[in-house]
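Report on the following structure.
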Amino acid sequence: MLTVAALAGVMSLVSAPFASADNIFNISRNFAFIGLVALGQTAVIATGGIDLSVGSVMGLSGIVTGLVLGSGQPLVLAAAAGLGCAFLCGLTNGALVGYLRLSPFVVTLGMLSVARSLALVVSNNKMIHDFGPDERVVLALGGGRFLGLANPVWLLLVAALCAAAWFRYSRLARHVLAVGGNENSTRLAGVPVARVKLTVYVLSSLLAGVSAILMIGWLGAVTNALGQGYELRVIASAVIGGANLMGGEGGAFGAVAGAALIELIRNSLLLLGVDPYWQGAFVGGSIIVAMLVERVRRGSRTAG
Amino acid sequence: MLQLRSVGMQFGAVEALHSVDLDLAPGEVAGLMGDNGAGKSTLLKIVAGNFAPTSGEVRLDERAVELTPLSAREHGIEAVYQDLALCDNLSAAANVFLGRELSRRLLGVLPVLDHAAMRRRSAELFDELGSDTRPDDLVRRMSGGQRQAVAIARARLSSPRLMLLDEPTAAISVRQIAEVLELIRGLRERGVCVLLISHRMSDVFAVADRVVVLRRGRKVADKATTDSSPEEVTALITGAIEAA
């Protein structure tokens with residue numbers, strides 16, 4: 001949070017367009033899509049797992065939603081279809097990781113490839129920009145604004161507040177952190193560990209689906225490349241926000257702050273005229289730096 | 001209250017337990033002894049419901065039962081494990097209530113964790129144990145004795161009928177060992193049955209009514225501690241005496 005504020009402060013001094021209402025609006029909307037997915041990712045990481053498939057699940061959900069819309073169905077049905085696909089992806093991930101105890105890294109890496117490929121199959125590699133009779137609703141939902149903030153930002157705020165309350169007050173979230181802390185003892189305590197894991201992977205996928213539906217409304221079209229490479233930014237957001245990849249730690253506001261920070265870095269680089277080719281290096285580098293900072297913090301704590 | 005009838009446990013080709021019979025009466029403290037790999041932990045995990053025996057049966061109050069960790073708890077069986085099975089990243093109170101969190105209903109509908117009640121109840125339990133553990137402290141930052149207090153407090157939570165203690169005195173100071181032994185005596189006075197696994201002969205002879213010795217998965221002795229001696233038990237453990 002402090003880092004975000006500090007970077008924003010510096011940027012508003014060195015770059016006039018940075019603090020403009022338009023730019024702030026853009027930044028907040030851009031990280032809303034990532035932040036939403038990062039909330040789910042944080043829960044997965046808190047169990048000691050990881051979900052690499054979120055970007056591809058976004059692609060699949062987006063394409064399916066777009067196709068169903070394009071065939072003339074109402075948004076409710078299309079969203080249900082898109083979220084249904086996301087749900088199935090999450091269910092598969094969660095069942096394999098939770099019940100069959102496969103490695104989350106490998107399972108979700110496989111799903112990354114499967115979901116992206118399915119998006120190609122069902123879309124036949126075509127762009128979908130005809131959203132049928134509900135087109136205006138879709139565009140308004142993802143691209144519109146309310147009281148000066150983009151709709152996705154509102155949704156992110158609501159979701160983050162819910163997630164924060166969930167982390168603090170729900171039994172499931174307590175079990176999520178317990179599984180990440182010591183899976184075996186949590187199992188011995190009678191907590192249904194497999195079910196806890198299943199739930200977080202489903203949540204993660206569903207949030208990716210929601211984000212995708214908003215995103216196609218903002219973009220006004222969907223290709224099967226939607227969300228490509230987003231897994232990195234999502235995981236980076238969660239990790240920068242304090243989720244511990246070893247499990248057992250993570251919070252809602254951290255994930256949002258992490259997403260904001262990454263978007264700020266990207267935006268700042270653009271405004272400062274840095275070649276966009278450098279973005280990957282900075283985003284990737286910031287994950288590594290976040291890990292190093294965490295290591296130093298933890299190191300000094302355990303030494304005491 | 002607890003009876004094991006010809007209980008055997010096979011892990012692949014390895015026979016961890018061979019036809020073990022055991023009877024525990026309410027308020028009885030039994031010391032379970034044996035060398036590493038003799039089958040003590042396996043036996044404990046069967047009674048705690050973590051393993052289902054591959055042969056024989058577990059009976060509670062004369063009725064055959066199939067135990068899972070949850071059903072064992074419902075039957076009033078609580079285990080405290082050697083590695084204490086705590087989540088380092090959670091607070092003492094969160095660990096005490098792990099899997100049995102207290103909730104209240106927000107606005108009459110939404111179930112939320114009742115942090116205040118869990119904190120209060122854990123503080124009471126730590127008080128009873130005479131431990132200086134604070135409910136909000138993270139287990140990661142605790143001493144061995146404090147961790148033991150958290151694990152025992154967790155087991156005490158449900159006022160169990162049978163407590164399984166796996167090496168409760170292995171990792172703590174001499175003063176704290178005396179406290180744990182005192183606690184075991186207190187459990188017996190309240191009619192709680194205790195199965196105590198220990199390497200420490202002195203602990204078993206200090207608090208146990210009976211000593212049960214396992215060697216290579218077989219029960220080689222089961223007698224009142226007053227009829228036995230540390231020397232005899234040592235001989236039984238090592239195999240210098242076949243059975244007694």
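The values are calculated or read from the model by the stated rules, or taken from the named source; none is laboratory data. What you are looking at is a predicted structure, and each value in this text was computed from that prediction instead of being measured. Note: ideal-geometry Cβ built from the backbone for every residue, glycine included; neighbour counts use all protein chains shown.
Condition check ((1) facing chain A (nearest Cβ under 8 Å); (2) free of Cβ contacts under 8 Å to residues at least 24 places away in the same chain; (3) more than 18 Å from the chain's Cα centre (by Cα)) across all residues:
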{"residue": "B:A52", "(1), (2), (3)": "no, yes, no"}
{"residue": "B:G56", "(1), (2), (3)": "no, no, yes"}
{"residue": "B:G76", "(1), (2), (3)": "no, no, no"}
{"residue": "B:D88", "(1), (2), (3)": "yes, no, yes"}
{"residue": "B:A94", "(1), (2), (3)": "yes, no, yes"}
{"residue": "B:S103", "(1), (2), (3)": "yes, yes, yes"}
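Among the residues of segment A:129-149, which ones are more than 20 Å from A:Y230 (Cα to Cα), touching a helix residue (DSSP H, G or I) at 6+ places or on another chain (Cβ under 8 Å) and outside any loop (DSSP other than H, G, I, E, B)?
Result: A:G132, A:D134, A:E135, A:V137, A:V138, A:L139, A:A140, A:L141, A:R145, A:F146, A:L149.
Could we say that A:G148 is of a type outside the set (A, V, I, L, M) and over 20 Å from A:I213 (Cα atoms) here?
yes
How do the pairs read when you match residues in segment B:60-73 that are away from chain A (no Cβ under 14 Å) with residues anywhere that are surrounded by fewer than 16 Cβ atoms within 10 Å (Cβ to Cβ) and aliphatic (A, V, I, L, M), using Cβ under 9 Å and keeping only pairs 6 or more apart or on different chains?
B:E66/B:A52
Could you give every pair whose Cβ atoms fall below 9 Å, whose first residue belongs to segment A:76-92 and is farther than 16 Å from A:V121 by Cβ, and whose second residue is of a type in the set (D, E, K, R), counting only separations of at least 6 or pairs across chains?
Listed by first residue and then by second, the contacts come to A:V76/A:D134; A:A78/A:D134; A:G90/A:D51.
In segment B:124-136, what residues are farther than 22 Å from B:T169 by Cβ and part of a loop (DSSP other than H, G, I, E, B)? Before you say what the answer is, go through the steps one by one.
Going residue by residue through segment B:124-136, those that are farther than 22 Å from B:T169 by Cβ are B:124, B:134-136.
Of everything in segment B:124-136, those that are farther than 22 Å from B:T169 by Cβ and part of a loop (DSSP other than H, G, I, E, B) turn out to be B:R134, B:P135, B:D136.
Select from segment B:194-235 the residues that are without any contact (Cβ under 8 Å) to a residue 60 or more places away in the chain and of a type in the set (K, R) and write down the one among them that is surrounded by the most Cβ atoms within 10 Å (Cβ to Cβ).
My answer is B:R200.
Quickly run through segment B:1-32 and pick out the residues that are in a strand (DSSP E or B) and not aliphatic (A, V, I, L, M).
So in segment B:1-32, the residues in a strand (DSSP E or B) come out as B:2-11, B:14-24, B:29-32.
B:Q3, B:R5, B:S6, B:G8, B:Q10, B:F11, B:E15, B:H18, B:S19, B:D21, B:D23, B:G31, listed by residue number.
Does B:L165 fit the bill of being of a type outside the set (S, T, Y), surrounded by 19 or more Cβ atoms within 10 Å (Cβ to Cβ) and at pLDDT 85 or above?
yes
Scan segment A:195-211 and give yes if some residue there is within 14 Å of chain B (Cβ to nearest Cβ) and part of a helix (DSSP H, G or I), otherwise no.
Yes, segment A:195-211 has at least one match.
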